[in-house]
Amino acid sequence: MQPSLLQRMSLQRLRLPDAAKPAWLREASALVYPGPNDPAAWRAFVDASVRFAKRHLPAEVADALAGFYAPDGPDALLIENLPVDPILPAPPSDGKRPASKAAVSESVIAGLIEQHAAIVTYSNEKAGAPIHEITPVEGLEHQVSSTGRVPFACHTDAAFLAPRFSPRGLLLFGLLNEPNAHTAVLPLDRILEAATPALVRSLEQPIFRHPSPSSFEVAAAVVGPIVWRDSRGIARIAVQTHAVQPAVGEAHGEEARGAIAQLRALLDTLETERVVLRPGDALLFKNDRVLHGRDAFTGERWLQRAYFTDSLAPFREHAGAPEDAFVFDAARLL
Ligand SMILES: [Fe+2]
């Protein structure tokens, strides 16, 4: 049965019972995080992590997780109180995973994703790491990106990639959140409900230029719509709200400019769901159905992020990559 609009628009929250934590934590603590160029070790890490997640997730949480990944499933899911590294190093101010960190959170992340989907990453972002460190990076705190502390308006990730090669969804995992900083989420349905039909029509036109974000070491831009319907008629969105532009030389420049201004103004008026990701909380959402953002914050905040997709086969086929590849050059996917 398809979830109602109301169910789609409200965030489902679940909590891992305390009793399920110690054994999962013990098993995950014994894993060694694989090196960056060892696909076989990564696969073994993922397989073990999936076994742990299957063993320790109670039926109610496991069912909700399976439902989330189903084609008609809800667009977002929050699972609280998951195992997390008992001792954490200081948040990495260079944005790179500290070698001294245990692999508990990474194992939980892999276990929550790879039962039903596949982790995907890009060699041009965060050096192709399968799991990204999201914490302020020295010298880049003022960037409107995952390295910053400044407000980041609601957006989708990797909006410059074709829908089939952009992440289908994101998992954000809380490691440290001293300031109780919010992560804002805004379902597309809420935007479409509030937008005028004329604005929606404009957003569906391929008259927008989507530049690659500053987190990617690739300078590229594609022209396309902001909102579109998939083959089943379901609305999808891709937009880097602060950076999207009218397509250069486009005859519909005025329409595009007006639509971007209206969309930004609309987003300012809409109430977002504000989630405080505490240590051990995992927020999963569909990247083309839910926008996300954050307020400015001070203090120490460290999240981890993983992108997932339904299947890596189209990526591998397009890039001519081997069958164990999950890191792709975004420039070759344009
Ligand atoms: Fe983002």
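Laboratory data are not the source of any read-out in this text; all were calculated from the coordinates shown. Everything numeric in this text was worked out from a predicted model, so none of it was measured. In this analysis, Cβ positions are derived from the backbone assuming ideal geometry, glycine residues included, and neighbour counts consider all displayed protein chains.
What to note about this one:
- Only Cα sites of the stretch 153-237 enter the Debye sum here, all with the same form factor; the resulting log10 I(q)/I(0) across q = 0.22, 0.24, 0.25 1/Å is -1.25, -1.36, -1.41, listed in q order.
- Here the calculated FRET efficiency for Ala44 and Glu193, from their Cβ-Cβ distance with R0 = 41 Å, stands at 0.35, rounded to the nearest 0.05.
- Under the Karplus curve 6.51 cos²θ - 1.76 cosθ + 1.60, θ = phi - 60°, whole-Hz ³J(HN,Hα) for the stretch 254-261, x wherever Gly or Pro sits: 5, 4, 5, 4, x, 5, 5, 4
- Förster-model FRET efficiency, 41 Å R0, Ala319 and Glu255, C-beta, rounded to 0.05: 0.75
- Two-decimal Rg to Rh for the stretch 276-334 - Kirkwood Rh, Cα set: 1.08
- Extending 7 Å from Cα along the Cβ direction at Arg13 and again at Leu270 yields two label points whose distance is 2.1 nm.
- Straight-distance crosslink candidates among lysines, where the alpha carbon sits under 23 Å from Lys286 and sequence neighbours closer than 8 are dropped: Lys54, Lys126
- CD proxy at 222 nm, helix term only [per DSSP H run n ≥ 4: -39500 (n - 2.57); per residue of the chain; nearest 500]: -8000 deg cm²/dmol
- Two-site FRET efficiency, Glu178 against Glu217, from Cβ-Cβ distance with R₀ of 22 Å, rounded to 0.05: 0.15
- Residues whose amide H lies under 5 Å from that of Leu277, counting only those 5 or more places away or on a different chain, are Thr183; hydrogens are built 1.01 Å from N in the peptide plane.
- Surface/4 of the Cα convex hull for the stretch 1-96, nm²: 8.6
- Mean-position separation - Cα centroids, the stretch 12-75 and the stretch 99-158, in angstrom: 17
- Across the stretch 141-156, rounded Karplus estimates of 3J(HN,Hα) from the backbone phi angles (6.51 cos²θ - 1.76 cosθ + 1.60, θ = phi - 60°) give 5, 8, 6, 7, 7, 5, 8, x, 10, 7, x, 10, 4, 4, 7, 10 Hz, Gly and Pro being marked x.
- For the stretch 5-327: Kirkwood Rh in Å [reciprocal of mean 1/r, alpha carbons]: 20.2
- Report note on the peptides 132-142, 57-67: ranked by the mean count of other C-beta atoms within 10 Å, highest first, their order is 132-142, 57-67.
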